[in-house]
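The block underneath contains the structure these notes are about, expressed in structure tokens.
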Amino acid sequence: MERNRPKRYYGYVSLMTNLIDCEPSNFEEPNNQNVWKDAILEKYQSIMMNDVWEIVPRLEGKYVVTSKWVYKRKHAIYGSIDKYKARFVARGFSQIEGENYH
């Protein structure tokens, strides 16, 4: 017997699919839009103000842990866009215990 999804969920699924598809997936997409540039600048200033990282020379023969920008739109109750957020994250799955961290 095949089960059908109740019709009341069709609008929700459509809305969520649209929200997910609208977020940038790489650095080039948001680079032309001021709202995303502002979100990136806000995050960068926060990182620098809180002294989160320090730049050090790369050790010869050592692997560098990569990083990337992640973009999210925060929505208000009725689906309008409340805020654009950008996060700079390390791709931690590439780290090796004892080599990249203690």
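Diffusion coefficient of the stretch 27-94 by Stokes-Einstein, Kirkwood radius over Cα pairs, 10 °C, 1.306 mPa s: 112 µm²/s.
In order along the stretch 30-45, phi translates into HN-Hα couplings of x, 5, 9, 10, 5, 5, 6, 4, 5, 5, 5, 5, 4, 5, 4, 5 Hz, rounded to whole numbers, per the Karplus curve 6.51 cos²θ - 1.76 cosθ + 1.60 with θ = phi - 60° and x for Gly and Pro.
Backbone geometry of the stretch 65-74 corresponds, through the Karplus equation with coefficients 6.51, -1.76 and 1.60 at θ = phi - 60°, to 3J(HN,Hα) couplings of 6, 7, 9, 7, 8, 10, 10, 9, 9, 9 Hz, x marking Gly and Pro. Take residue 90, project a point 7 Å from its Cα along the Cβ direction, then tell me which residues of the stretch 32-65 have their backbone nitrogen under 20 Å from it. Within reach of a label on residue 90, which here means backbone N under 20 Å from a point 7 Å along Cα→Cβ, the stretch 32-65 contributes 43-65.
Bear in mind that the values in this text are calculations on the coordinates, not laboratory data. Nothing here was measured: the structure is a model prediction, and the numbers come from that model. FYI the Cβ positions are ideal-geometry reconstructions off the backbone, even for glycines, and counts take in every protein chain you see.
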